[in-house]
Structures are given as structure tokens and as C-alpha cells.
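Let me begin by presenting the structure, written as C-alpha cells, before commenting on it.
The values are calculated or read from the model by the stated rules, or taken from the named source; none is laboratory data. Predicted, not measured: the structure shown is a model, and the values here were computed from it. Every residue, glycine as well, gets a Cβ built from its backbone with ideal geometry; the counts of neighbours run over all protein chains shown.
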Amino acid sequence: MMWKMREARVLIIGLMSLFSVVGVLATRCATAQDLAEFEKRMTKFTLDNGLNFLVLKRHEAPVVSFHIYADVGSVDEVKGITGLAHLFEHMAFKGTRTVGTKKYKAEAKAMAKMDQLFEVIKEEKRKGGQADKEKLQQLQEHFEKAQQEAQKYIVHDEYEEVYTRAGSTGFNAYTSEDATQYIVSLPSNKVELWMLLESDRFANPVLREFYKERDVVTEERRLGENSPHRRLYEEFQAIAFKAHPYSEPVIGHMSDIRTLTRPEAEAFFKKYYAPSNLTVAIVGDVEPQKIRGLAEKYFSHIKSGPKPERVETVEPPQLGERRVIIEDPSQPRLLIGYHRPSVTHPDHAIFEAIAEIIGVGRTSRLYKSLVKDKRIAVSTYTYRGREKYPTLFIISAVPAKGHTSQECEDVIYAEIERLKTELVLPEELDKAKKRTRASLIRQLASNRGLASQLTFYEAVTGNWRNLFNQLDMIEHVTAEDIQRIVKEYFTRKNRTVGLIETVLTENES
Amino acid sequence: MKIKKTCLITAIVLLALWPCFILPSCSPQAAQYTKLKYTRLGDIEIPDVEKVTLANGMLLFLVEDHELPLITMSAMIRTGSIYEPTEKVGLADITGTVMRTGGTTSRTGDEIDEQLEQIAASVETGIGLNSGRASMSVLKEDLDTALDIFADVLMNPVFAEEKVELAKIQHRSAIARRNDHPSSITWREFWKLIYGPESPYARHTEYATIDKIARNDLIKFHKKFFHPNNVMLGIWGDFDTREMAEKIEEAFEDWQKADVQLPEKPEVEYHFRQTVNVIHKDDINQAYICMGHIGGMMNDPDYFALVVMNRILGGSFTSRLFKNIRSRQGLAYSVYGYYDAEYDYPGVFYVGCQTKSESAVHAIRAMIREVQMMTESEVTDEELALAKESFLNSFVFSFDSKGEIVRRLMTYEYFGYPADFLQKIKDNVEKVTKDDVLRVARKHIQPDAMQILAVGRPDDFDEPMSVLGPVRGIDIIIPGPEE
């Protein structure tokens, strides 16, 4: 054996506490104590306006990850404005009254003119065949002119430039049914820059280039339309829910996206982006006291507002299986969804355990029977459902060449029936528990992952500590619990099935 | 092995103080952020990676990381699908898969699955274009079990017949599905336009090539390449380096050194030419566009200026393509342009986007125009500054995980690059001038000799593709198995 140089140990001072946390986690032991250790590095504070901050010290490298969780998603939309939460997310990158503009007042005037013209155009278009074509063309020309006028004042992509220049990575945002999340990582000497830019962004956003960005979103929607998997999912979602807004696609319907207006987006912002509806996590090489001071300085002037109401609509129980078969040139696919309660329901951990046992890894029941033994599928996937409102537990399968969705469906149902008649084995349950612990430990190695998990648990479950408590909860799941839940929820009546049936088009057949 | 620390820190300090005059918004309306003063960034503790050569020739890279009770290993093996015979395309991939799934002389694949999942660990193997990979991740408390399996899989795979068949089913199913998604059609066919359909860098499986692969081929392929002196192994996590090296030596002690003859790497020949190609896909409402020509290698001295050019042309949210095609014209959600340089074979220069059928040709022209402009005039001071600053300020993220540091060092070693190549990139990027960017763009990019591919419904395009040049239709019907 040949040895080469040996040198400086990476600095781990300040990390010792975390080390001991997970050291204990790895063994079978109550999590309360581990949590206490973790807590030493956590600081939580709330500004007077209701804005929540979670700060976690992790001094591995001089970098910081920032995560803003806005408790608003497509679930908060109604018919006619589907896609608005997501479109707003795009618009949040367009700057403020000082960022992205050369002369805000003049720009605002030009934008107002555009909004007005767009309303008139929309009105005329509603007449359909009766619409005055000449008038429309004229209006369109006026609109283009107003757009050009507004463009004169724009400093394009300034917001992106400032972060890029500062050395950001992972600068992005994403929208889901439940939430809109804004993320970025920066070298740790740029914390104040983040404070300044983000407080401005959520105090004074200016939705400039709105109508262009809407075109970008229509292209994003088309990308989905061109993906067989997403075509199927949209149809599936639409029949799984008939009352609750989880039936709508996050991206929105094309006709809605095309007619959304800037004033609608501004009103949406006012309603859903009050400080009380935002949760911030900052993880990395930071000092909590300093963070607090900066947060007060930059964010406390944002006006407080009421926390928006929750969605009241409750999906009624299904009266029978729902099924959609889409005719598509692509190869078969299968989705099966069972209605289940929300992520905050006490039974959530049981669904987690079920998902682990039937759907995760090469030894999971579905992979073993569908892929390894019967060889009728090439892959299978289980989504456990982690939403704020009652949601779906989804099982999907991709049939192998020469096999059908029907064959896969039969095998999946047989596996589900087996769960109702036989208790799962103790080693299956142990495996699920160990894997949940290991997966939590692996998540602790990333600033970005931690920031995301902390905001999720804080905003959705009301307490970031549930990131750890989930282990306790899954630890208590029994084989009988699993049987009870499968009997209650995994029934034919409660399920929705979506299938792709391959229909070749003329030039492909 | 050591990466210089001082330069990095100086660079960051310098950039923190970068003057205001280059900011476009330092107008009377200057936003507040321009007034911020940044403190010096804290030192980056770059860990020293210990390099150890075992008696059997296996090369280890070790670095301790005591934050969490985890241990990860990642091996690189000198092999690749470039070495598989043309009539057996898919052999390398199947060998890489079945090494793990097919079991060893002492355990079946299913037993391995069971043992690993009981301890929430993973062992995975795979063979790509120009390297083989094997990895292991485990909680510290279960290291011995996982390491035993990991070594067993690398040394003693038996390639059980039933798992070979399972892998072949997976491949045949993938072939049947390969035209389902327009983006996979676009990349696959564009790569074939650049390297040629038979080139190891672009060819793909067919039913006929999968049918010809037998268990014995896998055994032979494995035997040809998998010897300890042809393997590098990176290890990071919660361990003591000396103890770990001893553990590994013990785990692999039965693995004997052998004579490995690596075949010649395939040549890439390229003749610059403009071509226009169309693939009909009726179920989509966008044109998937990709165009470009052959790219380069990272050992080209022009590489550093090309890194800067990439950022300006299409490699970021602030690039010209993003600004003009997406933000200003609203033509696409994703748009990209990149001069790709690879370690040991020429990459591809590509530009592309997806846009509604009705704006396909308009978008192609707009993108060509952006490419032309890169070769016609110098970039602006602001563009150059932004590209360089963003690269240098984000440099710290290259060192924020031990795994990334080890993997990078192994990759450099594997392809024969200096261990401090990243530092070299940084030093050289700092020196790039506007003149350099223009010079390398002119030398390496040929806007008039790009191969253009559009997948979609050409009948719905704003103009016929023939306005761009003589059109060649590409047939993507999947050939059946040979009789």
C-alpha cells in the first residue's frame, strides 16, 4: 500500500451536534432526543407582519440555500383563471419598481394602456364569428404599439442578472397544486443581497412583459400536451376529482392561460402573498442573529394581510370506479389512484409504510411481481400523496412490450387483495422503517434539501419538527394498521383508473 | 492532489468589489442592490483527497466526511459501449445492468436485493459510452455487509440467464417506446446526423442487436475490462482513512491484477455541411428543433474562451438565446445553445428549442441569427463581465460536497487531465477577453454549415422547411427483428 499526503481535516466544529443527532437516528431510538440536538442549530422567528423564518446553521462550506414557500398553488384557483398561480410564479422574475426598469412611472402608464387594450380585444373576440375583424386587427396593432412603448423602459432580465452575477446556483421556482416555491443558493457573503431582492420582490413586484411571458407559458403547456404521460395524467386527474380543484392541471387550461390578464395576476398576488402566507428557510453558513437583524431591516415593512381562506370544497365519496382510456399513438401506460386523506391526517404514516412496502425498491411487492416474476411491466411507481387536502395514492405501471395494461391491472389488484387478507411480514415493516430513517439522514446532507423539507413541514403540518416526528410515527405503524387502511381505502369503488390505449395514426401504422 | 486555495479566495474578494460602472442599471434609477458591500467570503476548506494504490493495482481516492453517519463509494472502470461490436449494440449496457441483477458466485441477484434493502443501502452498476460505473451507499453501521456485496458484484458476477433475459425484455420495450416522446426522437436523430448513424457515439439498439446478445457475450465483456488495475474507487464519508483503505484492500484481496488491452477509441470524422432534416410526428403541436455541428474537446486551449462564450450564447437565464427567444419574443419555454466539449472525443455544438408549429421557421431563423452574431462581432463588456463573474462567484459551489470533489478528481485522472484542471479553468476564464470570445467563435462555430432538424408537423409550420435548403425526410419507423 502506498500512502500519499494527509492533511487538514474539514472543519466540523458546529457540526458535532448534527453528527450526534443522526448517529442516534441511525439506531432504533426515540427521536425526541435527536430533535433536541438538532434544535440547537435551529432558530425560528416570526416578524410582526406574520412572516415566518426558519434558520439552520450548517457550516460545511461558505454557501447558503434559501427557500420561500408560498402557501398558494393551483388548488386556490377557480374555473376561468386556471394556471394563474403558475403564471404569477413566472411573473415574479420580472422585477420590481426599481429592478428591471429605467423609468417606472412611464412604464406603468404604458402597461396600463396595454391592459386596457387587451380587455377590449378580449371583449371583441368573445363575439366569435360576429367579431369585427378589421377592428380586431386595429386593436391588435394598438396593442403592439403599447407593448413597444412599455419595452422602451425595460431592463431585460435584470433580476436574473443580479443573482447570476452574484454566483447563484439553482435559481428557480416551481408551482404545484398546493404551493409556489422560490429557491436559490448563494455564496454566504451574499445574504444581504437575497434579503434586499426578495423583500422587494414580495413587496413591490411589477408584472412587466406579462403578455410575452404568457406566450412562454403557452409553450410550456404545449410541452405537456406533447408528452403522452402528461396527456394521460391530465385526463386522469380530471375524472378523479369532480368537486375539489385538484382536478385542474397546475399549468392551467390553454384557453384560460390565453385570456389571463395582468390585473387578475396582481389581484391574485395581493390575496395570496401576504407575509403570513409565506414561510422562509435559510440553511447554510449563516449566523441566526445576523439573519434576524437583516430580516427585520428588509422584510418588516411589508404590510401584513389576512391568511387566505382554505379551500372549502370537499371531494364527495366516489359511488363507483372511474375510468378513462385515452387513445394515443404512444405505447400503453397505466395509472391507478385511490382517494386518501391529506398529509396531516394521523393515518398518513400508514400510507407512507404501504408505499414503501408495495412500491419502493427491487424487493417491493409490485416490482417483484410485475417486473421480476411475471415480467409484464418494465417499471412501476408508487406515489404516496403528500398534499394539504385529501388526495390520491397513485400506482403506475409501464407494461412490457407485448403485454397490456389489463394484465398489469390484474396483478396490482391481486397484490392489493393479498394485503387485505394477509398481514405484511415483520421484515417488510422493518425495512420500510429503516429506509425512512436512512432517507431522512441522506436528506440532511444538503442545504437545499433541508431548506425545502423544513418549509414543507412548517407550512403544511404546522411544525418543522415533524420532519423528525415522522420517524416516530412510522415507527408505530403496525401490520394491522396497514390491513385496516388497505381495506378502507384500496377498494374498487374508491379508485380511478387511467389508461393509454395505443391507436396508430395513419402514417405511423 | 491539492487544489490551490489562495487564488480562489482572491478571486472571490476581487469580484465582491467589482465596480459598479459595468452594471446596466447604474442609471439615475439605480436599484439599491448596487450599493451593497459584500464581506470577504469565508475560506473554503478544500479537503485533501488521499490517493492510495493497492497491491492489485486498484487506485483509491479517499476523503473523510464526518458530518453524517454515511459512507459512499463510487468506482470508475475503463470500459464503455464504444467497445461493443456493431452487431451487438446494447451489450455494454446489459453487461452493466446484469452485473448487479444477475447475482454472484455466492448470492443470487434477488438475495442481493433483499440484503441491501434490509439495511437501506444501495449497490448499482452500469456501463456508459466511455466508462463503467459502480456505486455503493450505506449507513456507517452496515458498512461491512454492503462492502462485501459491492466487492462481490464487481469481482464475481455470474450473469444469471434469467436476468439477462429480463434486461433484454427491458431493452425491447424501450425500443418499442422510443418514438413516444418527441424530445427523445430529436436528440437521438440529431446525434446520428452529427456522428453518423453507425458511429459508436450515436448508434442505438435495435431488436436485431438485442437478439444477438447472449449470456456468454456478457461474461466475455466483463472479463475483458473488469480487473482491479483497470478500476478507480472513490470513497467518502464517516470513516478513518487508514482503516478504510485496509478494509477495502481486504475486500478486494482475491482480485488479481491482469493484462488489460483497451481497444483503440473510435475515430470521429466530420465534414462541415448544411443540411435540413424533417421528421414527421403527427401527435404534437410544437416543432422540436435542434441544429448544429461537431463540437470539441476540453484539452483544446480554446476551451476556456468557449466556456465564456457558452454562457453568453445560451447556457444560462441571462444568455442571448434565453433573452431573445424566450423573454422578448415568447417563442419557447426552453431554449439552449451550447458548444459541448468532451474529455476524450469531440462533443457537439447544438442550438435548439421547442416552439409552436406556427413559429417553427421563424424560431430557426432567429436562433441562426444569434449564432451568426457570435461570429460577427465582439460581445459587450457587460456580457463578458457577467459571464466571468457568474462563473467565478459560483466557483465555491464546486467544493460544497465531498462526493463532488472526489468524483471530479477521479474523472480527471480517468481521462488523463491534470488534477488541478478545475483551477486551470478558473485561472484561464479570468483571462478571457472579448477578442478571445470572438476569435474562438469564428474558429469553432460555422453558422452556415449547421445541420438543422425539426420534428413535428411541417404542414403547420409558418413556412416550408425548404426555404432553409433542400429538405431530407428521416424515417423513424422501428425495424422489426431480423428474420
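In the stretch A:94-115, the qualifying residues are those that are more than 14 Å from every other protein chain (Cβ to nearest Cβ) and free of Cβ contacts under 8 Å to residues at least 40 places away in the same chain, and the one that is surrounded by the most Cβ atoms within 10 Å (Cβ to Cβ) is A:Lys113. Looking across the stretch A:332-377 at every residue that is within 14 Å of chain B (Cβ to nearest Cβ) and hydroxyl-bearing (Ser, Thr, Tyr), the one that is surrounded by the fewest Cβ atoms within 10 Å (Cβ to Cβ) is identified as A:Thr363. Residues of the stretch B:398-441 that are within 14 Å of another protein chain (Cβ to nearest Cβ) and over 15 Å from B:Ala305 (Cα atoms): B:Ser398, B:Phe399, B:Asp400, B:Ser401, B:Lys402, B:Gly403, B:Glu404, B:Ile405, B:Val406, B:Leu409, B:Glu413, B:Ala419.
Residue-wise test of (1) assigned by TED's automatic domain parsing to the domain that holds B:Leu59; (2) surrounded by fewer than 20 Cβ atoms within 10 Å (Cβ to Cβ).
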position	(1), (2)
B:Asp211	yes, yes
B:Phe221	yes, no
B:Trp236	yes, no
B:Glu243	yes, yes
B:Asp259	no, yes
B:Asp283	no, yes
B:Cys290	no, no
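Evaluated against (1) at positive phi; (2) surrounded by 19 or more Cβ atoms within 10 Å (Cβ to Cβ), B:Gly196 falls short on exactly one condition, (2).
Every residue in the stretch A:60-80 that is modelled with pLDDT of 90 or more, over 30 Å from A:Glu264 (Cβ atoms) and of a type outside the set (Ser, Thr, Tyr), please.
Of everything in the stretch A:60-80, those that are modelled with pLDDT of 90 or more, over 30 Å from A:Glu264 (Cβ atoms) and of a type outside the set (Ser, Thr, Tyr) turn out to be A:Ala61, A:Pro62, A:Val63, A:Val64.
Filtering the stretch B:334-355 to residues that are buried (at least 21 other Cβ atoms within 10 Å of the Cβ) and within 14 Å of chain A (Cβ to nearest Cβ) leaves B:Val335, B:Gly352, B:Cys353, B:Gln354, B:Thr355. Listed here are the strands (runs of 3 or more DSSP E) enclosed by the stretch B:31-147 that have at least 2 residues being touching a Gly at 6+ places or on another chain (Cβ under 9 Å): B:59-64, B:70-77, B:122-127, B:132-139. Would it be correct to say that B:Ile44 is outside the structural domain of B:Tyr207 (by TED's automatic domain parsing), more than 27 Å from B:His171 (Cα to Cα) and not small (Gly, Ala, Ser)? Considered against the rule, which asks whether it is outside the structural domain of B:Tyr207 (by TED's automatic domain parsing), more than 27 Å from B:His171 (Cα to Cα) and not small (Gly, Ala, Ser), B:Ile44 comes out as yes.
Can you say whether A:Leu223 is part of a strand (DSSP E or B), within 9 Å of chain B (Cβ to nearest Cβ) and at pLDDT 95 or above, as far as the supplied structure shows?
So A:Leu223 does not fit the description; no.
So is B:Asp459 crowded, with 19+ Cβ neighbours inside 10 Å, within 14 Å of another protein chain (Cβ to nearest Cβ), over 17 Å from B:Arg320 (Cβ atoms) and of a type in the set (Asp, Glu) or not? Spelling it out, it is not the case that B:Asp459 is crowded, with 19+ Cβ neighbours inside 10 Å, within 14 Å of another protein chain (Cβ to nearest Cβ), over 17 Å from B:Arg320 (Cβ atoms) and of a type in the set (Asp, Glu). Taking every residue in the stretch A:236-251 that is more than 26 Å from A:Glu213 (Cβ to Cβ) and pairing it with any residue that is basic (Lys, Arg), at least 6 positions away or on another chain, the pairs with Cβ-Cβ distances below 7 Å are A:Ile239/A:Arg322; A:Ala240/A:Arg322. Summed over the stretch A:161-181, the residues that are facing another protein chain (nearest Cβ under 8 Å) and either assigned to a strand (DSSP E or B) or among the hydrophobic types (A, V, I, L, M, F, W, C) (or both) give a count of 4.
The condition (being over 21 Å from the mean Cα position of the chain (by Cα), among the charged types (D, E, K, R) and either under 27 Å from A:Thr169 (Cβ atoms) or not assigned by TED's automatic domain parsing to the domain that holds A:Gly95 (or both)) is satisfied by just one residue among A:Asp215, A:Asp200: A:Asp200.
Taking the stretch A:419-437 as the range and being without any contact (Cβ under 8 Å) to a residue 40 or more places away in the chain and either closer than 21 Å to A:Ile394 by Cβ or under 29 Å from the mean Cα position of the chain (by Cα) (or both) as the test, only A:Lys434 passes. If you take the residues of the stretch B:35-53 that are hydrophobic (A, V, I, L, M, F, W, C) and under 15 Å from A:Gly284 (Cβ atoms), which of them is nearest to the other protein chains (Cβ to nearest Cβ)? Per the criteria, the residue is B:Leu41. Residues that are in contact with an Asp or Glu (Cβ under 7 Å, 6 or more places away or on another chain), in a loop (DSSP other than H, G, I, E, B) and crowded, with 17+ Cβ neighbours inside 10 Å within the stretch A:293-331 comprise A:Pro329, A:Ser330, A:Gln331, listed in sequence order. Among the residues of the stretch A:132-152, is there at least one that is assigned to a helix (DSSP H, G or I) and within 9 Å of chain B (Cβ to nearest Cβ)? Yes: the stretch A:132-152 contains one or more residues that are assigned to a helix (DSSP H, G or I) and within 9 Å of chain B (Cβ to nearest Cβ).
Only a single criterion out of (1) basic (Lys, Arg); (2) touching a residue at least 60 places away in the same chain (Cβ under 8 Å); (3) within 14 Å of chain B (Cβ to nearest Cβ) is not satisfied by A:Arg323, namely (3). For the stretch A:39-84, a tally of residues being among the basic types (Lys, Arg) and outside any strand (DSSP E or B) returns 4. The residue of the stretch B:116-165 that is nearest to the other protein chains (Cβ to nearest Cβ), among those that are buried (at least 19 other Cβ atoms within 10 Å of the Cβ) and acidic (Asp, Glu), is B:Glu117.
Please indicate, with yes or no, whether at least one residue in the stretch A:182-194 is within 13 Å of chain B (Cβ to nearest Cβ), more than 30 Å from A:Val75 (Cβ to Cβ), small (Gly, Ala, Ser) and not in a loop (DSSP other than H, G, I, E, B). Yes, because at least one residue in the stretch A:182-194 is within 13 Å of chain B (Cβ to nearest Cβ), more than 30 Å from A:Val75 (Cβ to Cβ), small (Gly, Ala, Ser) and not in a loop (DSSP other than H, G, I, E, B). Kindly indicate the residue of the stretch A:158-189 that is over 21 Å from the mean Cα position of the chain (by Cα) and touching a residue at least 40 places away in the same chain (Cβ under 8 Å) and also nearest to A:Pro308 (Cα to Cα) among those meeting that condition. Restricting to residues being over 21 Å from the mean Cα position of the chain (by Cα) and touching a residue at least 40 places away in the same chain (Cβ under 8 Å), the top hit is A:Tyr159.
When residues in the stretch A:336-377 are screened for being in contact with a strand residue (DSSP E or B) (Cβ under 7 Å, 6 or more places away or on another chain) and either free of Cβ contacts under 8 Å to residues at least 12 places away in the same chain or in a helix (DSSP H, G or I) (or both), 8 of them pass.
Of the residues A:Thr380, A:Thr436, the single one that is closer than 30 Å to A:Pro62 by Cα, within 14 Å of chain B (Cβ to nearest Cβ) and either among the aliphatic types (A, V, I, L, M) or not in a loop (DSSP other than H, G, I, E, B) (or both) is A:Thr436.
Here's the yes/no breakdown for (1) of a type in the set (S, T, N, Q); (2) over 30 Å from A:Glu315 (Cβ atoms):
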position	(1), (2)
A:Ala61	no, yes
A:His67	no, no
A:Ala70	no, no
A:Thr96	yes, yes
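Just to be sure before I move on: is A:Leu51 under 30 Å from A:Ile251 (Cα atoms) and modelled with pLDDT of 95 or more in the structure I sent? So A:Leu51 passes the test. Restrict the check to the stretch A:238-245 and report whether at least one residue is within 17 Å of the chain's Cα centre (by Cα), at pLDDT 95 or above and surrounded by fewer than 21 Cβ atoms within 10 Å (Cβ to Cβ). Taking every residue of the stretch A:238-245 in turn, at least one turns out to be within 17 Å of the chain's Cα centre (by Cα), at pLDDT 95 or above and surrounded by fewer than 21 Cβ atoms within 10 Å (Cβ to Cβ).
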